[in-house]
Amino acid sequence: MAAHDPGAARGQQGQGDLRQSALLLLVPAAEPAVGEHRARLDASARDGVPAHLTVLYPFLPPWLIDDVVLASLTGLLAGFPAFQFTLDRVGWFGDEVVWLGPRDEAPFRALTELVFAAFPGCAPYGGQYADVVPHLTVGHLGGVPALRAAGEAAAHCLPIEASATEVTLMTGLPPGNPGIPPRRWRAVTAFRLGRPGHLPAPKV
């Protein structure tokens, strides 16, 4: 899956390889509420990423994710308890992004802080934002009227009760320019919260 020698991997694959990785909490329970809207309004859905809250993006380049990194994530996340959460509100970033938010942000913030502390070179969203708000994106494309309609429709499905039991590692390419076909992301593996072991790639 990944090279054992990150330095060698960089030399063999780093040149011209634009792939990225992300650590995500997938939320299947939200798909009935947001799946149709995300398919139209969220570029990550077009690229094969299910409904999710982000733990850490961007994570390491895929060619640097070796057995040592996987073992570190396995142990790190096994020490973080699984938890239940409720998505109960619709929020906005300006008038550009509509999203669903958890009633209690604390475990999501703690999880991101935990992984970032272990991988300090992977600042959340590249360090673009002073405060990283836990959220599940409903849409960011299509204009304000379409986003507002999607947010209102999703609001009728709230609250959504869900469980955070594992963190999924996905890899893919950053969004392309308009007119470029979607670049599909794929699930690589998942790490259990609250108990040791990482899992085969989930079907998404």
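Only the coordinates and a few stated rules stand behind these numbers; no lab work does. This structure is a prediction, so every number in the text was calculated from the model and none was measured. Using ideal geometry, Cβ is built from the backbone for each residue, glycine included, and neighbour counts are taken over all protein chains shown.
The table for this structure:
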{"item": "Packing-based exposure ordering (other Cβ within 10 Å, fewest first) of Y125, Y57", "result": "Y125, Y57"}
{"item": "Order of V27, V188 under a 10 Å beta carbon neighbour criterion, fewest first", "result": "V188, V27"}
{"item": "Nitroxide proxy distance, nm - points 7 Å out along Cα→Cβ at L173 and D131", "result": "3.7"}
{"item": "Rounded FRET efficiency, nearest 0.05, which uses the C-beta distance separating R109 from E31 and R0 of 30 Å", "result": "0.80"}
{"item": "Region 52-118: trypsin sites (Lys or Arg not before Pro) in DSSP loop, at most 13 other beta carbons within 10 Å", "result": "R103"}
